[in-house]
Amino acid sequence: MNQNKPFNEPSFRQSVDLMFNRAVALMDLPPGLEEKIRVCNATYTVRFGVRLRGQIVTLTGYRSVHSEHMEPVKGGIRYAPSVNQDEVEALAALMTYKCALVEAPFGGSKGGLCIDPRDYEEHELELITRRFAYELAKRDLIHPSQNVPAPDMGTGEREMAWIADQYNRMNTTDINGRACVTGKPLNAGGIHGRVEATGRGVQYALREFFRDKRDMEMAGMTGKLDGKKVVVQGLGNVGYHAAKFLSEEDGSKIVGVIERDGAIVNDAGIDVDGLRDWIAGHGGVEGSPFGTFVPDGASVLEHECDILIPAALEGVINLANAARIKAPLIIEAANGPVTAGADQILREKGCVIIPDMYANAGGVTVSYFEWVKNLSHIRFGRMQRRQEEARHQLVVDELERLSDHLGDAWTMTPDFKSKYLRGADELELVRSGLDDTMRIAYQSMREVWHAREDVTDLRTAAYLVSIDKVAQSYRAKGI
Ligand code: GLU
């Protein structure tokens with residue numbers, strides 16, 4: 001997808017560092033601390049053999065720990081043929097900044113395995129995942145109190161369940177074993193709302209953006225999310241949920257979807273669920289009845305729209321295409337989709353970018369809730385739900401008693417009554433916690449963005465907030 005990426009761009013990790021340096025230049029950190037925060041603490045490379053189809057295949061995997069100012073460190077494990085040390089380190093750094101920004105009490109880490117998961121059968125993937133998990137767990141790179149992986153590109157609930165099981169086989173008496181990894185299926189200690197979390201977070205982020213006129217003005221926009229034209233790149237877990245929620249709940253129109261084999265455009269709006277089912281059945285978007293097929297998918301990043309959501313790979317908006325991007329607002333649902341060079345071009349054009357470390361933090365936020373659930377060994381809401389319902393029933397009974405005296409005009413609508421009476425279940429609590437987290441983190445960036453004249457973009461604001469939090473932790477540790 002990023003075949004158009006020019007050669008004169010820095011690497012992903014250098015790109016993250018460049019953005020970090022831009023922000024840190026505006027801060028007043030003690031000498032040396034800025035370097036301590038920026039550098040990656042350690043990267044472990046493992047080459048292990050797995051017997052597949054009668055022969056031994058050697059695979060290469062990484063787990064990088066960027067910052068241990070808080071432990072455990074946290075971050076996904078990616079399965080992709082393009083995985084390399086530079087990428088894993090860049091992603092680990094972004095995890096540090098992301099967790100600090102949304103106040104998830106973790107340091108930053110990331111893992112990757114250099115394979116194309118589509119090349120393997122399910123039982124082969126299980127063998128590979130268990131072996132990789134074994135290699136990491138025996139070095140405490142998977143551990144409930146030291147390093148807690150999660151899903152990323154190419155991995156999901158299934159892989160997390162294998163990892164959790166592998167850890168638990170190796171640590172049979174660890175009562176907190178389930179907290180060694182997040183993003184697990186519900187039956188293996190997962191939490192409601194984790195699968196949708198990153199896409200949901202993108203929706204909550206956009207809602208918060210559209211709550212403030214000043215922010216909209218910065219992008220030259222008016223109105224609400226309703227009716228806004230959206231282009232989504234990548235209809236994987238993140239892009240799919242973001243597109244689905246924005247179209248079904250906020251009235252936005254998905255006018256373009258970019259996938260591996262090309263793109264679909266339709267200014268009347270694309271049926272997101274229909275297209276997702278089509279991709280599952282056909283392996284790509286070509287031939288689907290939901291709009292016009294465009295073989296050069298990347299060109300659709302330049303399609304006329306209000307909001308562009310890159311939700312796949314890093315580096316897709318780069319020096320080669322940044323000047324032609326028309327969207328006034330980009331929300332980085334993926335990690336690192338805009339290179340440092342492209343970021344500068346877009347800023348100069350007046351495009352507003354809601355940065356990755358904030359925009360896709362919904363995933364790790366709900367991972368945090370899952371980890372807390374695992375450590376507390378109880379589902380959220382189990383103690384309070386019925387008690388809350390009983391108290392609401394008291395109010396409803398009392399209102400009904402009063403309305404008997406006051407007449408029909410004072411009766412409650414049945415909809416109100418049923419909604420009010422129902423106590424919150426785990427999914428509602430997770431969404432509420434996520435919404436609150438996304439709002440508060442956005443507000444902290446917004447404050448810096450509008451209050452400081454030397455801060456002209458949200459990414460710099462995000463870095464300032466998050467580096468400051470990391471610096472405070474170091475100071476508290478006496479470093
Ligand atoms: N892989 C996701 C990310 O990049 C989730 C990480 C997590 O939940 O720990 O943020």
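The values are calculated or read from the model by the stated rules, or taken from the named source; none is laboratory data. All values reported here derive from a predicted model rather than from experimental measurement. No Cβ is skipped: glycine too gets one built from the backbone with ideal geometry, and neighbour counts run over all protein chains shown. Side chains included, ligands, DNA and RNA excluded: accessible areas come from the protein's heavy atoms. Shrake-Rupley method; radii C 1.70, N 1.55, O 1.52, S 1.80 Å.
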Okay, strands (runs of 3 or more DSSP E) sitting entirely in segment 262-361 with 3 or more residues that are more than 16 Å from the ligand (Cβ to nearest atom) and open to solvent by 10 Å² or more (accessible area, probe 1.4 Å), I get 292-294
The residue that is farthest from the ligand (Cβ to nearest atom), considering only those in segment 90-105 that are over 14 Å from the mean Cα position of the chain (by Cα) and not in a helix (DSSP H, G or I), is 103
Next item on the list: Would you confirm whether any residue within segment 109-118 is over 23 Å from residue 377 (Cα atoms), within 16 Å of the ligand (Cβ to nearest atom) and open to solvent by 10 Å² or more (accessible area, probe 1.4 Å)?
Entry: yes
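Here is a check on your reading of the model: is residue 189 away from the ligand (no atom under 14 Å from the Cβ), more than 29 Å from residue 316 (Cα to Cα), under 22 Å from the mean Cα position of the chain (by Cα) and open to solvent by less than 50 Å² (accessible area, probe 1.4 Å)? Full working, then the answer.
Values: away from the ligand (no atom under 14 Å from the Cβ): yes; more than 29 Å from residue 316 (Cα to Cα): yes; under 22 Å from the mean Cα position of the chain (by Cα): yes; open to solvent by less than 50 Å² (accessible area, probe 1.4 Å): yes.
It is true that residue 189 is away from the ligand (no atom under 14 Å from the Cβ), more than 29 Å from residue 316 (Cα to Cα), under 22 Å from the mean Cα position of the chain (by Cα) and open to solvent by less than 50 Å² (accessible area, probe 1.4 Å).
Evaluate the following for residue 410: is it touching a strand residue (DSSP E or B) at 6+ places or on another chain (Cβ under 9 Å) and surrounded by 11 or more Cβ atoms within 10 Å (Cβ to Cβ)?
Numbers: touching a strand residue (DSSP E or B) at 6+ places or on another chain (Cβ under 9 Å): no; surrounded by 11 or more Cβ atoms within 10 Å (Cβ to Cβ): yes.
Here the answer is no, as residue 410 does not meet what is asked.
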Among the residues of segment 10-56, the number that are over 23 Å from residue 343 (Cβ atoms) and surrounded by 15 or more Cβ atoms within 10 Å (Cβ to Cβ) is 9
Of those in segment 162-184 that are open to solvent by less than 30 Å² (accessible area, probe 1.4 Å) and away from the ligand (no atom under 15 Å from the Cβ), the residue farthest from residue 132 (Cα to Cα) is 177
Of (1) within 14 Å of the ligand (Cβ to nearest atom); (2) open to solvent by less than 10 Å² (accessible area, probe 1.4 Å), residue 155 fails just (2)
Residue 418 meets each of (1) open to solvent by 10 Å² or more (accessible area, probe 1.4 Å); (2) in contact (Cβ under 8 Å) with a residue 12 or more places away in the chain; (3) over 30 Å from residue 344 (Cβ atoms); (4) not aliphatic (A, V, I, L, M) with one exception, condition (2)
Log entry, pairs with first residue in segment 435-461 being of a type in the set (A, V, I, L, M, F, W, C), second being outside any helix (DSSP H, G or I) and open to solvent by 30 Å² or more (accessible area, probe 1.4 Å), beta carbons closer than 7 Å, six or more apart or on different chains, reads 455/26
**Message:** So, residue 330, is that one among the aliphatic types (A, V, I, L, M) and either touching a Cys at 6+ places or on another chain (Cβ under 7 Å) or modelled with pLDDT under 95 (or both) or not?
**Reply:** yes
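Consider segment 42-73. How many of its residues are assigned to a loop (DSSP other than H, G, I, E, B), under 23 Å from the mean Cα position of the chain (by Cα) and without any contact (Cβ under 8 Å) to a residue 60 or more places away in the chain? Steps first, please.
First pass over segment 42-73, keeping only residues assigned to a loop (DSSP other than H, G, I, E, B): 53-54, 68-72.
Cutting the leftovers down to under 23 Å from the mean Cα position of the chain (by Cα) gives us 68-72.
So of that shortlist, the ones also without any contact (Cβ under 8 Å) to a residue 60 or more places away in the chain come out as 68.
Matching residues across segment 42-73 total 1.
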For segment 106-160 the number of residues that are under 16 Å from the mean Cα position of the chain (by Cα), of a type in the set (Val, Ile, Thr) and part of a loop (DSSP other than H, G, I, E, B) is 1
Expected single match for open to solvent by less than 30 Å² (accessible area, probe 1.4 Å), assigned to a helix (DSSP H, G or I), within 30 Å of residue 102 (Cα to Cα) and touching a Gly at 6+ places or on another chain (Cβ under 7 Å) among 388, 370 is 370
Worksheet item: Do we find that residue 221 is in contact (Cβ under 8 Å) with a residue 12 or more places away in the chain, open to solvent by less than 60 Å² (accessible area, probe 1.4 Å) and either within 16 Å of the ligand (Cβ to nearest atom) or in a strand (DSSP E or B) (or both) in this structure?
Response: no
Test for residue 431: is it within 30 Å of residue 351 (Cα to Cα), over 22 Å from the mean Cα position of the chain (by Cα) and open to solvent by less than 90 Å² (accessible area, probe 1.4 Å): no
